[in-house]
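Each remark here refers to the structure printed beneath this line.
The values are calculated or read from the model by the stated rules, or taken from the named source; none is laboratory data. Quick caveat: nothing in here was measured; it's all calculated off a predicted structure. Positions of Cβ are backbone-derived with ideal geometry, glycine not excepted, and every protein chain shown enters the neighbour counts.
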Amino acid sequence: MSDIPNGFTGVPRRDPDFVSAGDAIRAQEASARTYASAPSARPSAAASATVEQAADMWKQPTATPVVSKSLAKFLRAADPSAADAAPGFDPDKLRLLPEVDRRWSWVEIDLSAIRHNAMAVKSRLPRGCRLMAVVKADAYGHGAVRCAKTALNSGAEYLGVATVDEAVELREGLVNAPILVLGEPPITSIPLLLAYKIMPSVYTAEFAIQYAEAADSLGLRAPFHLKVNTGMNRIGVRHDEVVSFMHQVGFHRALDLVGTFTHFATADCAETLDFQIQAKRFLEAIAALRSAGINPGIVHAANSAAAIRYPDVHFDMVRLGISLYGFHPCPETYTMIDLRPAMSVHARITDTKLVPMSEGVSYGMNYRSPGSVKICTVPIGYADGLRRGLSGNTNFIVEGRALRQVGNICMDQCMFEVDLRTYGTRRRLDPQIGDEVLIVGAAGDAVVTIDEMAEKLGTIQHEIAIGFGCSRLPRIYR
Ligand SMILES: *Cc1c(COP(=O)(O)O)cnc(C)c1O
């Protein structure tokens, strides 16, 4: 590990021989103070050596680098006097510097958990019932392409997204499976649908006709799923109007009705009456299509909650979103299925200090030191999805022990408290700069979950997971 320049990567505690730039500066300041008060004392050789060591990281490589035009331009603009001198940085090497070595906070995605969850749900489905992996919003913050491929290798056959661009991203990531956009996209996006073989959900005649015309003019088919509104009243053809809708558009030879679906508003609620009404309306709509001689294709309705709780609505496919990522959609499912959260959130300590009793910490100083505490800082804040509403109301985990986050969570950083007193036989914790901190995850007996964060904030896990996963935090897969 000694060849790793920053001394931290991949080691749980910091390398005893490593001196950070901050250490070097502190040491230099300390010796400068000594020097000022006692002119006979000189700054220590060690302190100046470490400053040079730190500067060495940025020394020019000896080989002539291949320089990208934009970097070369930037370097010239920064230092016009060096106009024609070869800049000393190799852009390829710069790009290879791992993201976790640029900022000490990141999200980890355990793809084996995604695999486990897909298989756990798939095993509950009857033979022939398909599994759609819903990977909208960058797979709820878990990374669409990686999660789609993992789900497709674990029993899923279909993908669901919210936007045309999300579907294009999957295709460009070399994903071949059928992709359904779960809403009706703008008519202006039709060329992308046809070019990338992306299926739209359809509920307006205008879209259906334009889509069919565009496909026909290119000698292509126009496959789609019909969206039925059975009571959620978000989008869809009303449940009692599906036959007349299909008669309105069905004359067009290019149109292929590949599937018919609805969406439940209350599959995750304890009260089941509204769910039953929607299920009944959907069954009636499907029966009406069949008796009008229209094949509804793949019939689907269930989201995660319905897929786990109500086998009666499995039909030909279920659409798995939140549970694919390891979250329980409602309390009822905890005893029904084993799910494993795939996301954990990590950081490393960037500063530590002993804060004297009654001194405040962070904006507003809502927290005051009770004394005998070490305050540690981590570089993660509400711009990274760590919601400010959790200030003083969540734990971080260091070496398997839960520690209190204290003070207001800032945009890019926040603090936590380490009690330095000893109790009985409990080992004292004394975290150092560079030590790893779990913001979300489990270690030892300590657990911090996205579920409890959502609960504290009065929201659902989807929003918290997307908050971390779609932020500027890098994602690491394992
Ligand atoms: C998002 C979405 C899903 C997935 O819902 P989960 O509750 O996350 O499983 C299923 N169907 C539709 C139409 C959706 O928009």
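Among the residues of the range 405-436, how many are under 25 Å from the mean Cα position of the chain (by Cα) and over 19 Å from residue 361 (Cα atoms)?
Residues in the range 405-436 being under 25 Å from the mean Cα position of the chain (by Cα) and over 19 Å from residue 361 (Cα atoms): 3 in total.
Report, ordered by the first and then the second residue, all pairs with beta carbons closer than 6 Å, sequence separation of six or more or different chains, a first member in the range 453-478 that is closer than 15 Å to residue 388 by Cα and of a type in the set (S, T, N, Q), and a second member that is at pLDDT 95 or above and buried (at least 17 other Cβ atoms within 10 Å of the Cβ).
Going by the 6 Å Cβ cut-off, the qualifying pairs are 471/384; 471/385.
Starting from the range 84-102, keep only residues that are under 23 Å from residue 380 (Cα atoms), then list their pairs with residues that are part of a loop (DSSP other than H, G, I, E, B) and at pLDDT 90 or above whose Cβ atoms are within a distance under 6 Å, requiring at least 6 positions of separation or different chains.
Partner pairs satisfying both residue conditions: 99/474.
So which strands (runs of 3 or more DSSP E) are wholly in the range 397-478 and hold at least 1 residues that are in contact with a Ser or Thr (Cβ under 9 Å, 6 or more places away or on another chain), basic (Lys, Arg) and modelled with pLDDT of 95 or more?
Where strands (runs of 3 or more DSSP E) fall fully within the range 397-478 and carry at least 1 residues being in contact with a Ser or Thr (Cβ under 9 Å, 6 or more places away or on another chain), basic (Lys, Arg) and modelled with pLDDT of 95 or more, they are 401-406.
Only one of these conditions is not met by residue 425: (1) among the hydroxyl-bearing types (Ser, Thr, Tyr); (2) closer than 30 Å to residue 268 by Cβ; (3) without any contact (Cβ under 8 Å) to a residue 12 or more places away in the chain. Which number is it?
(2)
One residue is enough: does the range 424-434 have a residue meeting the conditions surrounded by 19 or more Cβ atoms within 10 Å (Cβ to Cβ) and of a type in the set (A, V, I, L, M, F, W, C)?
No, the range 424-434 contains no residue that is surrounded by 19 or more Cβ atoms within 10 Å (Cβ to Cβ) and of a type in the set (A, V, I, L, M, F, W, C).
Given the options 201, 244, 291, name the one that is closer than 23 Å to residue 178 by Cβ, of a type in the set (S, T, N, Q) and either at pLDDT 95 or above or surrounded by 14 or more Cβ atoms within 10 Å (Cβ to Cβ) (or both).
Step by step, each of 201, 244, 291 is checked, and only 201 is closer than 23 Å to residue 178 by Cβ, of a type in the set (S, T, N, Q) and either at pLDDT 95 or above or surrounded by 14 or more Cβ atoms within 10 Å (Cβ to Cβ) (or both).
Here are some conditions: (1) more than 13 Å from the ligand (Cβ to nearest atom); (2) out of contact with any helix residue (DSSP H, G or I) (no Cβ under 6 Å at 6 or more places or on another chain); (3) touching a residue at least 40 places away in the same chain (Cβ under 8 Å). Residue 205 meets all but one. Which one does it not meet?
It is condition (2) that residue 205 fails.
For the list (1) assigned to a loop (DSSP other than H, G, I, E, B); (2) farther than 25 Å from residue 138 by Cα; (3) not aliphatic (A, V, I, L, M), I need the number of the one condition that residue 103 fails.
Unmet condition: (2).
Based on this model, can you work out whether residue 125 counts as touching a His at 6+ places or on another chain (Cβ under 7 Å), touching a residue at least 24 places away in the same chain (Cβ under 8 Å), surrounded by 15 or more Cβ atoms within 10 Å (Cβ to Cβ) and among the aliphatic types (A, V, I, L, M)?
Taking the combined requirement at face value, the residue satisfies it.
Within the range 372-394, does at least one residue satisfy the condition of being away from the ligand (no atom under 16 Å from the Cβ), of a type outside the set (D, E, K, R) and free of Cβ contacts under 8 Å to residues at least 24 places away in the same chain?
So far as the range 372-394 goes, no, none of its residues is away from the ligand (no atom under 16 Å from the Cβ), of a type outside the set (D, E, K, R) and free of Cβ contacts under 8 Å to residues at least 24 places away in the same chain.
Confirm whether residue 196 is surrounded by 21 or more Cβ atoms within 10 Å (Cβ to Cβ), more than 20 Å from the chain's Cα centre (by Cα) and more than 16 Å from the ligand (Cβ to nearest atom).
no
Every residue in the range 321-347 that is touching a Gly at 6+ places or on another chain (Cβ under 6 Å) and surrounded by 20 or more Cβ atoms within 10 Å (Cβ to Cβ), please.
339, 341, 342, 344
In the range 402-458, what residues are out of contact with any Gly (no Cβ under 7 Å at 6 or more places or on another chain), farther than 19 Å from residue 141 by Cα and of a type in the set (D, E, K, R)?
Selection gives 404, 417, 419, 421, 426, 427, 428, 430, 435, 436, 456.
Name the pairs whose Cβ atoms lie under 7 Å apart, with the first residue in the range 271-283 and more than 18 Å from residue 315 (Cβ to Cβ), the second surrounded by 13 or more Cβ atoms within 10 Å (Cβ to Cβ), and 6 or more positions between them or separate chains?
Short answer, once both residue conditions are applied: 274/231; 274/265; 274/266.
Looking at this structure, is residue 231 over 24 Å from residue 192 (Cα atoms) and either crowded, with 20+ Cβ neighbours inside 10 Å or touching a residue at least 40 places away in the same chain (Cβ under 8 Å) (or both)?
Yes; evaluated as a whole, the condition is true for this residue.
What about residue 350, is it away from the ligand (no atom under 16 Å from the Cβ), at pLDDT 95 or above and touching a Ser or Thr at 6+ places or on another chain (Cβ under 9 Å)?
yes
Could you list, in sequence order, all residues of the range 93-132 that are closer than 13 Å to residue 155 by Cβ, away from the ligand (no atom under 16 Å from the Cβ) and basic (Lys, Arg)?
115, 127
Between a residue in the range 308-324 that is under 20 Å from residue 341 (Cβ atoms) and any residue that is more than 7 Å from the ligand (Cβ to nearest atom) and acidic (Asp, Glu), which pairs come within a Cβ distance under 8 Å, given they are 6 or more apart or on different chains?
Close Cβ pairs (under 8 Å, with a partner that is more than 7 Å from the ligand (Cβ to nearest atom) and acidic (Asp, Glu)) amount to 309/332.
Looking only at the range 175-195, decide whether some residue is at positive phi and touching a residue at least 24 places away in the same chain (Cβ under 8 Å).
no
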